[in-house]
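The structure appears right after this line, and notes come after that.
Here, each number is a calculation from the coordinates, and none is a lab measurement. As the structure is a computational prediction, the values presented were derived from the model and not from experiment. We place every Cβ from the backbone using ideal geometry, glycine too, and count neighbours over all the protein chains shown.
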Amino acid sequence: MFPACSLSLFVLATLASSTLGAIFQDPSELKGTQYDYIVVGAGTAGNVVAARLAEDSKKKVLVIEAGRSNTGFDSDLITIPFFGPIASPATTFDWNYTTTPQAALNNQLIAYPRGYVLGGSSSINYMVYTRCASDDYDRFASVAGDDGWSWNKILPYAFKNEKHVPPNDGHDETGEYDPTLHGTKGPLLTSLPGFLTDIDNRVLATTKELPEFPFNLDYNSGNPLGVSWMHSTIGGALRSSSATAYLTPALSAHSNLDLLYNTQVTKLIKTGDSGGLPVFLGVEFSRNATSPRHNLTAKAEVILSAGAIGTPQILMLSGIGDAAELHSVGITPLVDLPEVGKNLQDHPLVPIQWTVNSTNTMDPLLRNDPAAMSAARQQYDANQSGRLAANGVSNHMSFFRLPANSSLLSKYGDPTAGPKSPHFELAFGNGFFTTSQPIPSSGSYISIINVVVAPQSRGSITLASSNPFDHPIIDPKLLDHDYDMAAMVESVKAAKRFAGAHAWDGYITAPYTDSAGTTTDQGIVDYVRKWGTTIKHPFSTAAANKDPSKGVVDGKLLVKNVKGVRVVDASVFPFIPAGHPQAPIFIIAERAADVIKAAH
Ligand SMILES: Cc1cc2nc3c(=O)[nH]c(=O)nc-3n(C[C@H](O)[C@H](O)[C@H](O)COP(=O)(O)OP(=O)(O)OC[C@H]3O[C@@H](n4cnc5c(N)ncnc54)[C@H](O)[C@@H]3O)c2cc1C
Ligand SMILES: *[C@@H]1O[C@H](CO)[C@@H](O)[C@H](O)[C@H]1NC(C)=O
Ligand SMILES: *[C@@H]1O[C@H](CO)[C@@H](O)[C@H](O)[C@H]1NC(C)=O
Ligand SMILES: *[C@@H]1O[C@H](CO)[C@@H](O)[C@H](O)[C@H]1NC(C)=O
Ligand SMILES: *[C@@H]1O[C@H](CO)[C@@H](O)[C@H](O)[C@H]1NC(C)=O
Ligand SMILES: *[C@@H]1O[C@H](CO)[C@@H](O)[C@H](O)[C@H]1NC(C)=O
Ligand SMILES: *[C@@H]1O[C@H](CO)[C@@H](O)[C@H](O)[C@H]1NC(C)=O
């Protein structure tokens, strides 16, 4: 993204100044403690589940997290909103995964960040908050065979999750969203853009000029199609994550919630049989590859919330997966469940830029110009305002469908969940925003980010070895399906039409040199193969399916063919939602907590 900034010391906080729940970093300290629920992964979904389960004071809850604390002298990268894009890859907050060579991207190995920190990927993501389309939830419900996941049934959980707060700059947000659609009492803080830019009015003018890009008052209504003001998980001048919104407050409020972090779960342990099925209520964990293994047995349930990579990895390490594959890495298969780690879906992304006639972009900050960064930092430290206090990714987000008569749809079929669910996304950066190209050392730019939000490629997570501390093999098969590449070409062409509107006259001056060849479809394909990457949204590696012979979990998210284990995270979605995933994950985790409470 952009060069690592030298960060001055800002937040010097301890994990939680006063807690009722106990916090451990040494697994040996938990010996003999009895828990009703053990939640694996204090990430986006895991903290929602743990915090909600702990509301029942009669149940004792433990959450175990492999990664580090979300606070400390070096936490600026994950608290100051503008730094979201440099919180990963290759920082102490990142697992540092890498994909296999991606054939459609000239065999590049792509960095694949995941949060290695309390809050999981909600602590390192770009904070975009999109609920996605009602159709996405309705398809989830129908494939999983549980109407509770449908849009109408789950919407109350969206309100339960969210607290919409004013934008950081205090500007009047009238006409920028529909307040009736947003929660005002939930834990997770969301807000509209906190720093307005010169391109905002031109984006809006384009929606009036070109009918194919209409304005949509609020993309969180269940119909995200069109151009909307972007919502972010930011409150005041700080990132809101599942750690700050759920975990920390729950540890302060509930003595029946314990946290063990800096400790990796290495596998689940079979603890017996019940009704002809193996029970897996044992959890084995260890601080690192060389330190001793410990274990605990949950009384009621183990909830896997280790994310779309960690969850299938743990299941396979436990002997739950494709029997032949497990054998091949020396693991004794205990439960044959062939779709564990399969069906991996992700969103491919490609940025495209133009030079602009302006000296008022965020380019100096993106290239870490010392004078610009120090001025912005001084302002942030003085009164928590300015560019650093707000999301730098975009102020608008837009979602579109291919035309109904598009030959892509007749040739490949329509991968979307329904008519309100988009095929592609455009986002607008007030500077040279990229996750793949070298940043030019001078000049002013605008970027449009293209994302294929309903891809047809499916990849996989497989074990590299039986060692839980070895990274699994991650193959998202980015743009592997011909449809995905063709849809990306259509997205780039749409982005060029958008930037060609008269609204940009006198502002956009020329295409950036990297995209000079994008004047033909083949030129766009070549560009995408060179600069395409992932937006880092892995999904569906332990998919829900009502058919007992398909998927990994049932409609209540219980792992099939075993007892005692449920999955609550990105893994369970039968299809990747067509937008940014954290909101759907927060929302399904809120409902999952109620499903678990009802089961016990
Ligand atoms: C760089 C980046 C930018 C993104 N930007 C956005 C965005 O702007 N908007 C958006 O909506 N989404 C965004 N996403 C995606 C979104 O953040 C994730 O899809 C979502 O947070 C995943 O939630 P989860 O609960 O499934 O997993 P996670 O939040 O990743 O939680 C899994 C947790 O389990 C822990 N864990 C894993 N294995 C083990 C183990 N063996 N033992 C113990 N703990 C374990 C992990 O350390 C982690 O804390 C982004 C993601 C990344 C990486
Ligand atoms: C990821 O890489 C960074 C930079 O090398 C390192 O500091 C960090 O510890 C690594 N993360 C893990 C989980 O090993
Ligand atoms: C592993 O954990 C032990 C504590 O259990 C610690 O003493 C040791 O330094 C750790 N090793 C590494 C490589 O971090
Ligand atoms: C769990 O740990 C105990 C020691 O605390 C050990 O005796 C036991 O064998 C372990 N159980 C399993 C199934 O590994
Ligand atoms: C914050 O500080 C900056 C100077 O660093 C100043 O320009 C700005 O007006 C201040 N904003 C508020 C809201 O006080
Ligand atoms: C699709 O329909 C539009 C009119 O709605 C028309 O202009 C266009 O040529 C059609 N495209 C194809 C591929 O048929
Ligand atoms: C650049 O913008 C200024 C106004 O800010 C305008 O006068 C000038 O014509 C523009 N230049 C180009 C090349 O569009």
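Mind listing the phi-derived Karplus ³J(HN,Hα) values for the stretch 553-561, rounded to whole Hz, using 6.51, -1.76 and 1.60 with θ = phi - 60°, and x for any glycine or proline?
With coefficients 6.51, -1.76 and 1.60, one gets 10, 8, x, 9, 6, 7, 5, 6, 6 Hz.
Arrange T416, T311 by Cβ neighbour counts within 10 Å, fewest through most, would you?
Listing T416, T311 from fewest to most nearby Cβ atoms yields T416, T311.
Would you mind ranking D482, D569 so that the residue whose beta carbon has the fewest other beta carbons within 10 Å leads the list?
Ordered by Cβ neighbours within 10 Å, fewest first: D482, D569.
Put a dot 7 Å past each Cα toward the Cβ at L210 and S28; how far apart are the dots in nm?
The two pseudo-label positions are separated by 6.4 nm.
Which trypsin sites (Lys or Arg not before Pro) in the stretch 34-120 pass both tests, a DSSP loop state and at most 10 other beta-carbon atoms within 10 Å?
In loop regions of the stretch 34-120 (DSSP not H, G, I, E or B), the sparsely surrounded trypsin sites (Lys or Arg not before Pro) are K58.
If you take every DSSP beta bridge whose two residues both sit in the stretch 148-250, what share of them, in percent to the nearest 5, is antiparallel?
Roughly 50 percent of the beta bridges in the stretch 148-250 run antiparallel, per DSSP.
Tell me the volume per residue, in Å³, of the convex hull enclosing the alpha carbons of the stretch 241-336.
Given the Cα convex hull of the stretch 241-336, per-residue volume reads 132 Å³.
Could you give the length gained on full extension between H600 and D521, defined as 0.36 nm per residue of separation minus the Cα-Cα distance, in nm?
Taking 0.36 nm per residue and subtracting the Cα distance, the gain is 22.8 nm.
Report, in degrees rounded to the nearest 10, the 0 to 90 angle that the Cα long axis of helix 44-53 makes with the longest principal axis of the chain.
Approximately 50 degrees, to the nearest ten.
Take every DSSP beta bridge with both residues inside the chain and express the antiparallel ones as a percent of the total, to the nearest 5.
Antiparallel bridges make up about 65 percent of those DSSP assigns within the chain.
Roughly how many Å is it from the Cα centre of the stretch 158-173 to that of the stretch 317-351, as a whole number?
Cα centroid to Cα centroid, the span is 40 Å.
Please list, ordered by chain and number, the residues whose modelled amide H lies under 5 Å from the amide H of H347; skip anything fewer than 5 residues away on the same chain.
Those qualifying (amide H under 5 Å, at least 5 residues apart or on another chain) are I535, K536, H537.
Please return the longest stretch of the chain lacking exposed loop sites, where GluC sites (Glu not before Pro) count only if DSSP places them in a loop and at most 16 other Cβ atoms lie within 10 Å.
213-600
What lysines could a cross-link reach from K153, if we take a straight Cα to Cα line under 25 Å and drop same-chain neighbours fewer than 8 places away?
Answer for K153, where 25 Å is the Cα cut-off: K163, K185, K420, K546, K550, K556, K560, K597, listed by chain and number.
I need the per residue convex hull volume for the chain, using only the alpha carbons, in cubic angstrom as a whole number.
It comes to 140 Å³ per residue, whole-number rounded.
As a check on your grasp of the helix formula, calculate [θ] at 222 nm for the chain: sum -39500 (n - 2.57) over DSSP H runs of n ≥ 4, divide by the residue count, round to the nearest 500.
Counting only the DSSP helices, I get -7000 deg cm²/dmol.
So what is the relative contact order for the chain, in percent, with contacts set as C-alpha pairs under 8 Å and at least six apart?
Dividing the mean separation by the residue count of the chain yields 22 percent.
Between A390 and residues 5 or more places away or on another chain, which pairs have amide H atoms under 5 Å apart, with H built 1.01 Å from N, and which residues are they?
Here the answer is F82, since their amide H atoms fall under 5 Å of that of A390.
To test your reading of the geometry: what angle, between 0 and 90 degrees and rounded to tens, separates the Cα axis of helix 521-531 from the longest principal axis of the chain?
With rounding to tens, the tilt is 50 degrees.
For the chain, find the longest principal axis of its Cα atoms and tell me its angle to the long axis of helix 582-599, 0 to 90°, nearest 10.
That helix lies at roughly 20 degrees to the long axis.
Roughly what would the spin-label model give for A289 and F73, points 7 Å off Cα along C-beta, in nm?
Each label point is offset 7 Å from its Cα along the Cβ direction, giving 2.9 nm.
Need the full-extension length gain, A90 to S374, defined as separation in residues times 0.36 nm minus the C-alpha distance. One decimal, nm.
99.9 nm
What list of ³J(HN,Hα) values in whole Hz, one per residue of the stretch 26-42 in order, does the Karplus curve 6.51 cos²θ - 1.76 cosθ + 1.60 (θ = phi - 60°) give from phi, with Gly and Pro shown as x?
Taking θ as phi minus 60°, the curve returns 10, x, 5, 6, 8, 3, x, 5, 9, 10, 6, 10, 10, 9, 9, x, 8 Hz for the stretch 26-42.
7 Å from Cα along Cα→Cβ at both S441 and D178: what's the point-to-point distance in nm?
The two pseudo-label positions are separated by 5.0 nm.
May I ask for the longest run of the chain untouched by chymotrypsin sites (Phe, Trp or Tyr not before Pro) that are loop-located per DSSP and have at most 12 neighbouring C-beta atoms (other than their own) within 10 Å?
My reading of the result: 74-468 is the longest stretch.
So if I take the centroid of the Cα atoms in the stretch 244-280 and the same for the stretch 23-99, what is the distance between those two points in Å?
11 Å
Once you keep just the Cα pairs under 8 angstrom separated by 6 or more residues, what percentage relative contact order results for the stretch 235-318?
Relative contact order, the stretch 235-318: 22 percent.
Please order T434, T98, T290 by the number of other Cβ within 10 Å, starting at the fewest.
By the 10 Å Cβ count, ascending: T290, T98, T434.
Quick one: which residues, 5+ away or cross-chain, put their amide H under 5 Å from the amide H of V279? H built at 1.01 Å from N.
T271, G272, D273, S274, K563
How many percent of the alpha carbon pairs in the stretch 63-200 exceed a separation of 17 Å?
In whole percent, the share of Cα-Cα pairs in the stretch 63-200 beyond 17 Å is 72.
Can you run phi through the Karplus equation (6.51, -1.76, 1.60; θ = phi - 60°) for the stretch 352-369 and list ³J(HN,Hα) in whole Hz, with x for Gly and Pro?
Karplus-based 3J(HN,Hα) across the stretch 352-369 equals 9, 10, 10, 7, 10, 8, 6, 10, 10, 9, 8, 4, x, 6, 5, 9, 6, 4 Hz.
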